[in-house]
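For reference, the structure is listed below as structure tokens.
The values are calculated or read from the model by the stated rules, or taken from the named source; none is laboratory data. Please read all numbers here as calculations on a predicted model, not as lab measurements. Counting neighbours? That spans all protein chains shown, and the Cβs are built from the backbone with ideal geometry, glycine included.
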Amino acid sequence: MPWLRRLAQSFFDTQFWGHQFRKTNPDYEPQFDVFQSPDFPHVFLGGEDDLEEAETKAGQSMCKIVDCRDLPEISQSWDYATFLMVQRDFDSKVQDLIQKITTIKCPIFVHCAVGANRSVSVLAAALTQLTGKSLDQVLSEMKQVRAFVGPQDPYYLMALQQSPSETPEFKQERFN
């Protein structure tokens with residue numbers, strides 16, 4: 001997959017998804033609310049200051065808090081091998097979150113802590129697998145409610161790899 005290698009080696013060139021979102025949503029007005037999944041109403045996304053608001057929306061305390069701070073932040077020193085190792089850990093986080101979403105019926109709070117959008121990307125990848133929606137559609141739903149949504153290119157690419165609604169041809173076209 002040469003296109004994957006090219007993207008992994010040059011991730012600071014652009015914030016691909018953010019540029020695409022701005023092109024397709026020119027009238028976007030930023031919101032700073034907690035995201036509640038329309039498909040899984042027991043799943044919330046927010047920062048550390050948003051837990052109380054999420055519990056109010058849920059009508060009860062969160063029974064599970066998920067974060068992805070153990071995934072590394074983006075670094076210019078990443079090479080392709082590092083990208084693939086992080087992808088393996090990312091994929092594992094996605095599968096763990098899918099298992100939690102489908103088995104835990106009480107409120108789950110996905111904690112976005114530092115602004116690197118690792119948790120956003122993991123949640124978006126999980127929701128694409130569970131709903132069959134495209135990654136861009138899921139991210140746009142999140143962004144309409146939560147202005148901080150804007151995955152960095154490597155995490156966007158990792159989430160895109162998880163999305164069943166995008167064909168390999170689409171993925172290749174997107175990153176060539």
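Examine the range 26-43 for a residue that is part of a helix (DSSP H, G or I), modelled with pLDDT of 65 or more, in contact with a Lys or Arg (Cβ under 9 Å, 6 or more places away or on another chain) and not small (Gly, Ala, Ser), and state whether such a residue exists.
Filtering the range 26-43 down to residues part of a helix (DSSP H, G or I) leaves none.
No: the range 26-43 contains no residue that is part of a helix (DSSP H, G or I), modelled with pLDDT of 65 or more, in contact with a Lys or Arg (Cβ under 9 Å, 6 or more places away or on another chain) and not small (Gly, Ala, Ser).
Please enumerate the residues belonging to the range 51-69 that are of a type in the set (D, E, K, R) and under 21 Å from ASP96 (Cβ atoms).
Residues satisfying the conditions are LYS64, ASP67, ARG69.
Only residues that are at pLDDT 90 or above and within 10 Å of the chain's Cα centre (by Cα): list them for the range 98-127, please.
Those that are at pLDDT 90 or above and within 10 Å of the chain's Cα centre (by Cα): ARG118, SER119, VAL120, SER121, VAL122, LEU123, ALA124, ALA125, ALA126, LEU127.
How many residues, within the range 68-96, are under 15 Å from ASP153 (Cβ atoms), surrounded by fewer than 14 Cβ atoms within 10 Å (Cβ to Cβ) and either hydroxyl-bearing (Ser, Thr, Tyr) or at pLDDT 85 or above (or both)?
Final tally of qualifying residues: 2.
Tell me, which residue of the range 124-147 that is touching a Leu at 6+ places or on another chain (Cβ under 8 Å), under 18 Å from PHE21 (Cα atoms) and not polar (S, T, N, Q) is surrounded by the most Cβ atoms within 10 Å (Cβ to Cβ)?
Of everything passing the filter in the range 124-147, ALA124 is surrounded by the most Cβ atoms within 10 Å (Cβ to Cβ).
Of the conditions (1) within 14 Å of the chain's Cα centre (by Cα); (2) of a type in the set (Asp, Glu); (3) not in a helix (DSSP H, G or I), ASP70 satisfies every one except a single condition; which number is it?
For ASP70, the exception is condition (1).
What about ASP136, is it at pLDDT 90 or above, over 16 Å from VAL43 (Cβ atoms), in a helix (DSSP H, G or I) and of a type in the set (D, E, K, R)?
No.
With the condition kept exactly as written, say whether any residue in the range 154-169 is among the small types (Gly, Ala, Ser), over 27 Å from THR24 (Cβ atoms), at pLDDT below 85 and in contact with a Ser or Thr (Cβ under 9 Å, 6 or more places away or on another chain).
no
So GLY47 passes all but one of these: (1) in contact (Cβ under 8 Å) with a residue 40 or more places away in the chain; (2) crowded, with 21+ Cβ neighbours inside 10 Å. Which condition number does it fail?
With (1) in contact (Cβ under 8 Å) with a residue 40 or more places away in the chain; (2) crowded, with 21+ Cβ neighbours inside 10 Å applied to GLY47, the lone miss is (2).
Does ASP33 satisfy being surrounded by 13 or more Cβ atoms within 10 Å (Cβ to Cβ) and closer than 21 Å to LYS143 by Cα?
Yes.
Of the residues that make up the range 115-126, is at least one part of a helix (DSSP H, G or I) and free of Cβ contacts under 8 Å to residues at least 24 places away in the same chain? Can you show your working first?
Filtering the range 115-126 down to residues part of a helix (DSSP H, G or I) leaves 118-126.
Remaining after also requiring free of Cβ contacts under 8 Å to residues at least 24 places away in the same chain: none.
No: the range 115-126 contains no residue that is part of a helix (DSSP H, G or I) and free of Cβ contacts under 8 Å to residues at least 24 places away in the same chain.
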